[in-house]
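Q: Got a structure for you, written out below as structure tokens; questions coming shortly.
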Amino acid sequence: MTVQIDHALEEIRRFRPSPEFAAQAIADERLYDAASADRLGFWADQARDLLTWQKPFTEVLDWSNPPFARWFADGELNVAVNCLDRHVEAGLGDRVAIYWEGEPGDSRAITYAELTEEVKRAANALTDLGIRTGDRVAIYLPMIPEAVVSMLAVARIGAIHSVVFGGFSADSLASRIDDAEASLVITADGGYRKGRVFPLKPVVDEALAKAEGGTVKNVLVVKRGENDIAWNEGRDLWWHDTVTTASPEHEAQAFDAENPLFILYTSGTTGKPKGILHTSGGYLTQVAFTHKNVFDLHPERDVYWCTADVGWITGHSYVVYGPLANGATQVLYEGTPDTPHPGRWWELVEKYGVTILYTAPTAIRSFMKLGRSVVHNFNLRSLRLLGSVGEPINPEAWIWYRHVIGGGSIPVVDTWWQTETGAIMISALPGITDLKPGSAQVPVPGISVDILADDGTPVEGEDGGLLVITEPWPSMLRGIWGDPERFRETYWEKFGDKYFAGDGARRDEDGDIWLLGRVDDVMNVSGHRLSTAEIESSLVAHEITAEAAVVGASDETTGQAVVAFVILKERHAHDLDPSDASEELRRHVAMQIGAIARPRQVFIVNELPKTRSGKIMRRLLRDLAEGRQVGDTTTLADTAIMDIISAQVR
Ligand code: WTA
């Protein structure tokens, strides 16, 4: 296990919540007391307090068939009604749900009443297109309000959405459509990114040509980019002809708490992404609970902004379901942070009076590089709470975030969780916890974690071990779509009844948890999960490649970066210039998987370091990629090989 942040070990600063913040904070110590006195009773209370059930549940947790949990299973609710209608019925229809800002500067303020009406129309349109409870709908959209509307409309009719991040390639989209056997794709002609329209519909067309299942019957297209697109008569439908004209009356049906809500694909240790399955009642309970308590949400006065794309779990839980279940007002921004100018985010914080900001360390580090002048052009005094997610935040970035963005005195909460956990699992509570830069700190009330050695014995102290979750939690994944065996193997085989998260962690003398990065072959680039195996198989799929090895090397801005070592096929090794080959392979990976997977570097080499049994020793390649002295090579079949590779890399 590599400790990514060396300085974290020496970090000793502590920040107590200010008395003013603590006095108004939503969460207090009683949450921890209640959860430790009666964990299941605590979650049942949260589920009743935070959500509206059409049929109240009597069972809390059914763990009779581990690892398949059922929460609140005899209760019934409608997720969309919980996010929309009930707020309107409570007289909050005029509250702004979404301040949407397009990258070119167009904007819309959408109230809860308007959002509810639009979701009802979309629900009717989907039903008219033949979508029924349990059907899968793929969503491939930019960050526009229709993305939120689509997700909620699918939820409203008890169908299952599979949102695919708009940066993924046609191949990635096709394999996700096939795996889920989606019958509808919702997309846009294009969206704005970095000052240009990037086309989405052509990617969908290409994906559907590649998808082998032939399950997709219709493609619903939002007009956004106004770019020219091909039209498949009979299959393709415009949103403005189909949804906008549908009836705004829709009686929502109640569904079982365990009705599937969504599938979200994430990278694992093998080449094939896993379709993480989440269900309704438990998921919504924990996202609403954490959104309210970790972000100290006062929905009547806060303006919340989570910068994640809805294509990732953070967007699902903390752009769509958590904030809307809690009746929050939030900002949704279409574009990139630096378009049309480097201070765009801070301009938006000022424009909308954002009070709570939730973003990733990578973003913070790139603003650090630009320097404070970019930030200081804007008035950020509305901010009162900052959150971080996706990767370990180094203390320097934490302090910079608190001081330069937060003005020096507001809480920063570092939240650890995963696509699989559905909601925040480890975080400070801002009115209670003394904050420690670099540590995610403590499990949220009702969550039990431990740190174990490889053999399952608990470990304390500096060295750290493997993070496990010891008790089932409401928003836990219910499985991997279509692959129960892989679900068992990946998360439950190692420690029996404890969930193995794949992260290394250590606990300090105060009991605070420090995350140490992944312990498997999953990389974390800009807070996004990428699989070494997936990128390796993409590289090997190129006709010039003979062999490839990929490592995640630490990177000042993106946390980790993808670095590949490739051996070319004999006949190309001579006629191709290495830098052309390397460029071609970088382009190829971006095309095959998506731009986020594009390697920072591809080194063309003649050899890869292998053990006698033929296993590639990535640890040594990582040493090279990070510019370190290469470690112990004695287990290599040929110990001289690292010298040859080092010489080629330099
Ligand atoms: C990492 C994102 C340290 C971790 C919500 C985890 C973090 C993976 C943190 C999940 C954090 C997420 N500190 N590491 N605060 N948050 N991670 O599924 O390695 O995209 O396993 O979910 O990101 O990534 P995912």
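Q: With +1 on each Lys and Arg Cβ and -1 on each Asp and Glu Cβ, how big is the dipole of segment 526-649 about its Cα centre, in debye rounded to the nearest 20?
A: 440 debye
Q: For segment 148-245, which chymotrypsin sites (Phe, Trp or Tyr not before Pro) pass both filters: DSSP loop (anything but H, G, I, E, B) and at most 15 other C-beta atoms within 10 Å?
A: Those that pass, being in a loop and sparsely packed, are 231.
Q: May I pose another question? For 476, 617, which order do you get if you count the other beta carbons within 10 Å of each Cβ and list the fewest first?
A: Values: 476 25, 617 21.
Fewest-to-most ranking of 476, 617: 617, 476.
Q: If I take R0 = 60 Å and measure r between the Cβ atoms of residue 409 and residue 212 in this structure, what FRET efficiency does the formula 1/(1 + (r/R0)^6) give, to the nearest 0.05?
A: With a Förster radius of 60 Å, E is 0.60.
Q: Per-residue HN-Hα couplings for segment 39-50, Karplus 6.51 cos²θ - 1.76 cosθ + 1.60 at θ = phi - 60°, whole Hz, x for Gly and Pro?
A: 4, 5, x, 4, 5, 4, 4, 4, 4, 6, 6, 8
Q: Then there is this: Let me know the shape class of segment 1-120, please: from the alpha-carbon gyration tensor, a ≥ b ≥ c as square roots of the eigenvalues, rounded when a/c is under 1.5, otherwise prolate if a/b is greater than b/c, or oblate.
A: It is oblate, given that a/c is not under 1.5 and a/b is not larger than b/c.
Q: Still on this structure: With both partners inside segment 526-649, how many of the DSSP beta bridges are antiparallel, as a percent to the nearest 5?
A: Around 70 percent antiparallel, to the nearest 5.
Q: Please work out the Kirkwood hydrodynamic radius for segment 232-277, using every pair of different C-alpha atoms, and report it in angstroms with one decimal place.
A: For segment 232-277, inverting the mean 1/r across all distinct Cα pairs yields 14.9 Å.
Q: Ok, one more. Can you give me the convex hull volume of the Cα atoms of segment 526-649, divided per residue and expressed in Å³?
A: Enclosed volume per residue, from the Cα hull, is 105 Å³.
Q: To continue, here is another question. With a cap of 11 neighbouring Cβ atoms within 10 Å, and only residues DSSP puts in a loop, list the GluC sites (Glu not before Pro) found in segment 26-77.
A: Of the GluC sites (Glu not before Pro), the ones in loops of segment 26-77 whose Cβ has at most 11 other Cβ atoms within 10 Å are 29.
Q: Could you check the spin-label model distance between residue 583 and residue 36? Points 7 Å from the Cα along Cα→Cβ, value in nm.
A: Placing both labels 7 Å along Cα→Cβ, they lie 6.1 nm apart.
Q: Per DSSP helix of 4 or more residues, -39500 (n - 2.57); summed, then divided by the residues of the chain. What does that give at 222 nm, rounded to the nearest 500?
A: -8000 deg cm²/dmol
Q: So how much slack lies between residue 59 and residue 194, counting 0.36 nm per residue of separation and subtracting their Cα-Cα distance, in nm?
A: That pair, residue 59 and residue 194, stretches by 43.6 nm at full extension.
Q: Please arrange 306, 83 by counting, for each residue, the other beta carbons lying within 10 Å of its beta carbon, fewest first.
A: 306, 83
Q: Next up: More than 35 angstrom separation, counting every C-alpha pair in the chain; what % is that? Could the numbers behind the result be given before it?
A: Details: 84463 of 210925 pairs.
For the chain, the fraction of Cα-Cα distances above 35 Å is 40 percent.
Q: Order of 373, 448, 150 from fewest to most other C-beta atoms within 10 Å? Before the final figure, lay out the partial values.
A: On the way: 373 9, 448 16, 150 29.
Sorted ascending by nearby Cβ count, the order is 373, 448, 150.
Q: How far apart, in nanometres, would the label points at residue 485 and residue 462 be if each is projected 7 angstrom from Cα along the Cα-to-Cβ direction?
A: 4.5 nm
Q: Using the structure shown, list the pairs from 274/615; 272/569; 292/494; 369/436 with a Cα-Cα distance above 27 Å, or answer none.
A: Flagged as over cut-off: 292/494.
Q: When you have a sec, figure out the Kirkwood radius of segment 396-469 from all distinct Cα pair distances and drop it here in Å to one decimal?
A: For segment 396-469, the Kirkwood estimate is 13.9 Å.
Q: Can you tell me the order of 630-637, 213-220 when each peptide is scored by its average per-residue count of other Cβ atoms within 10 angstrom, highest first? Present the calculation step by step, with values, prior to reporting the outcome.
A: Details: 630-637: 13.0, 213-220: 17.5.
Descending mean neighbour count gives 213-220, 630-637.
Q: Still on this structure: Given the options 281, 84, 513, identify the residue whose Cα lies farthest towards the positive end of the charge dipole of the chain (+1 on Cβ of Lys, Arg; -1 on Cβ of Asp, Glu).
A: It is 84.
Q: For the chain, calculate the relative contact order in percent as a whole number, restricting contacts to Cα pairs under 8 Å that are 6 or more residues apart.
A: 14 percent
Q: With +1 on each Lys and Arg Cβ and -1 on each Asp and Glu Cβ, and nothing else charged, work out how big the dipole of the chain is about its Cα centre, in Debye to the nearest 20.
A: Here the chain has a charge dipole of around 820 debye.
Q: Further, regarding this structure: Mind running the shape call on segment 87-184? Use the C-alpha gyration tensor, a ≥ b ≥ c as the square roots of the eigenvalues: rounded below 1.5 for a/c, prolate if a/b tops b/c, oblate otherwise.
A: oblate
Q: Could I ask something else about it? For the chain, what is the percent of antiparallel DSSP beta bridges, rounded to the nearest 5?
A: Once the DSSP bridges in the chain are tallied, antiparallel ones form about 60 percent.
Q: Further, regarding this structure: Please list, by residue number, every one of the chymotrypsin sites (Phe, Trp or Tyr not before Pro) in segment 372-403 that is coil in DSSP and has at most 16 other beta-carbon atoms within 10 Å.
A: For chymotrypsin sites (Phe, Trp or Tyr not before Pro) across segment 372-403 that sit outside H, G, I, E and B with at most 16 neighbouring Cβ atoms in 10 Å, the list reads 378.
Q: Which is farthest toward the positive dipole end of the chain among 428, 71, 647, measuring Cα position about the Cα centre, with Cβ charges +1 (Lys, Arg) and -1 (Asp, Glu)?
A: 647
Q: For residue 235 and residue 640, what is the calculated FRET efficiency with R₀ set at 56 Å and r taken between the beta-carbons, to the nearest 0.05?
A: Using R0 = 56 Å, I get an efficiency of 0.45.
Q: Relative contact order, percent, of segment 301-428 when contacts are C-alpha pairs under 8 Å separated by at least 6 residues?
A: Rounded, it is 23 percent for segment 301-428.
Taken together, the values in this text are just the output of simple stated rules run on the coordinates, not laboratory data. Just so you know, these numbers come straight off a predicted model, no measurement behind them. Note that each Cβ is placed from the backbone with ideal geometry, even for glycine, and that neighbours are counted across all protein chains shown.
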